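Only the coordinates and a few stated rules stand behind these numbers; no lab work does. Predicted model only: the values in this text are computed from it and were never measured. Cβ placement follows ideal geometry from the backbone for every residue including glycine, while neighbour counts extend to all protein chains displayed.
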Amino acid sequence: MVVEVGKVSKGVKCSVENCDEEAVRSLPIDKVTGTGLKVQGARRVYLCKEHYKGYKKAAKKEKMLDKWRYRREMV
Ligand SMILES: [Zn+2]
């Protein structure tokens, strides 16, 4: 079975502070810090499975808020 790892090579660790899990995804750092995660890195950061899950949740919430704001302005 092929595990989807994006562009993360094996053995790369999660960039979140105090997390030592193996990373599964790499993302632009501004996207990740925008969701409130504390990460260390330059332009790209690496997230483990759990933190990527949390990131996706937070990013979704943010998008929803944007939509609400937008709708309110349209009324
Ligand atoms: Zn992590």
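Less than 15 Å Cβ to Cβ from Glu50, Lys/Arg counted +1 and Asp/Glu -1: what total charge do the surrounding residues give? Each step should come with its number before you reach the end.
Details: positive: Lys13, Arg25, Lys38, Lys49, Lys53, Lys56, Lys57; negative: Glu17, Asp20, Glu21, Glu22.
Charge balance in the 15 Å sphere: +3.
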Requested in this report: Pop out the Kirkwood hydrodynamic radius of the chain from its pairwise C-alpha distances, inverse of mean 1/r, in Å to one decimal.
Outcome: 13.3
Report summary line: Here the gain from full extension of Met64 to Val12, 0.36 nm per residue of separation minus their alpha-carbon distance, amounts to 15.6 nm
Requested in this report: Can you tell me which of 57-63, 18-24 comes out highest on packing, and rank the rest after it, using the mean Cβ neighbours within 10 Å?
Outcome: 18-24, 57-63
Query - Under 14 Å, Cβ to Cβ, from Glu21 - net charge with Lys/Arg +1 and Asp/Glu -1 - result: +1
Query raised in the report: HN-Hα J couplings of the stretch 25-36 from phi, Karplus 6.51/-1.76/1.60, θ = phi - 60°, integer Hz, Gly and Pro as x?
Result: 9, 10, 9, x, 5, 5, 5, 6, 5, x, 9, x
Query raised in the report: By how many degrees, 0 to 90 and rounded to 10, does the Cα axis of helix 49-74 deviate from the longest principal axis of the chain?
Result: 10
